[in-house]
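Reading through the structure tokens given below for one structure.
The values are calculated or read from the model by the stated rules, or taken from the named source; none is laboratory data. As the structure is a computational prediction, the values presented were derived from the model and not from experiment. Here the Cβ positions follow ideal geometry from the backbone for every residue, glycine too, while neighbour counts run over all protein chains shown. What goes into the accessible areas is simple: the full protein's heavy atoms, side chains included, and nothing from ligands, DNA or RNA. Shrake-Rupley method; radii C 1.70, N 1.55, O 1.52, S 1.80 Å.
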Amino acid sequence: MFTGLVEEVGQIRRIGRKGEALVLNIAASVIMDDLKIGDSVAVNGVCLTATTLESGGFTADVMPETYRHTNLSQLQSGSKVNLERAMLSGGRFGGHIVQGHVDGTGVIGSITRDQNAVVFEIRPGDHELFKFLIPKGSVTLDGISLTVVQTTQSSFTVSIIPHTIGETVLNVKKTGDTVNIECDILGKYVDHLLQYGKGHAETKTGKPSSISEEFLSNHGFA
């Protein structure tokens, strides 16, 4: 599990490609302090496993499923990436619960200034994500924990402080670039439970299931 607080910006040194399978060799320094083989690292918000360690960096495998549904497929040698190690149980929880399981990608529609902040407009490729995008709610973009400002029928905005811009790959992003989107896990679980309850109102014995229509109705969900 991660918090969406990027620890450093790494750089792709080289990429091994075999079809839609990748091996990323990533230059890093801060996260190498206690990184071990088998540890999880969020790379642009995608949970990957460190498979080898070497001087000033590590390697991680990218499977075809991840290649097809994230912006890791667009990386090249020299590309910058956000890096975060898995959260320590005794550490500060400064962002929000981030799994590193990307829900989809979006395109940067516009980048505008609002005094000391920079507002990014994001246009998700999958319209289904909008049910999880709530004004003042949490969203992760390329592994960065951010707050949704506004939503429309086709886009949402986030307002970002200069520190976050300067310490992440957002400082090299431009209009038209693709970002990884991970929605708030709490909203996804609530949606799943509600949909599961509606579809399984009764068991085969005719008795109400553990999450039935009656339960949902009694608690104001149906």
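Of the residues in segment 98-115, how many are out of contact with any Cys (no Cβ under 6 Å at 6 or more places or on another chain), under 19 Å from Cys183 (Cα atoms) and open to solvent by 50 Å² or more (accessible area, probe 1.4 Å)?
Here the count works out to 3.
Please identify the pairs in which a residue from segment 178-190 that is acidic (Asp, Glu) has its Cβ atom under 6 Å from the Cβ atom of a residue that is open to solvent by less than 10 Å² (accessible area, probe 1.4 Å) and assigned to a loop (DSSP other than H, G, I, E, B), counting only partners at least 6 apart or on another chain.
Within 6 Å, the pairs are Glu182/Gly45.
How do the pairs read when you match residues in segment 68-84 that are in contact (Cβ under 8 Å) with a residue 40 or more places away in the chain with residues anywhere that are of a type in the set (Ser, Thr, Tyr) and open to solvent by 40 Å² or more (accessible area, probe 1.4 Å), using Cβ under 7 Å and keeping only pairs 6 or more apart or on different chains?
Close Cβ pairs (under 7 Å, with a partner that is of a type in the set (Ser, Thr, Tyr) and open to solvent by 40 Å² or more (accessible area, probe 1.4 Å)) amount to Thr70/Thr105; Asn71/Thr105; Ser73/Tyr67.
Can you pull out the strands (runs of 3 or more DSSP E) entirely within segment 4-69 that have at least 1 residues that are open to solvent by 50 Å² or more (accessible area, probe 1.4 Å) and not charged (D, E, K, R)? I'd like the intermediate steps shown before the answer.
Numbers: elements: 8-18, 21-27, 40-43, 46-54, 57-62.
Answer list for segment 4-69: 8-18, 21-27, 46-54.
With the structure loaded, tell me whether Leu75 is over 13 Å from Gly143 (Cα atoms), modelled with pLDDT of 95 or more, surrounded by 19 or more Cβ atoms within 10 Å (Cβ to Cβ) and not small (Gly, Ala, Ser) or whether it fails that test.
yes
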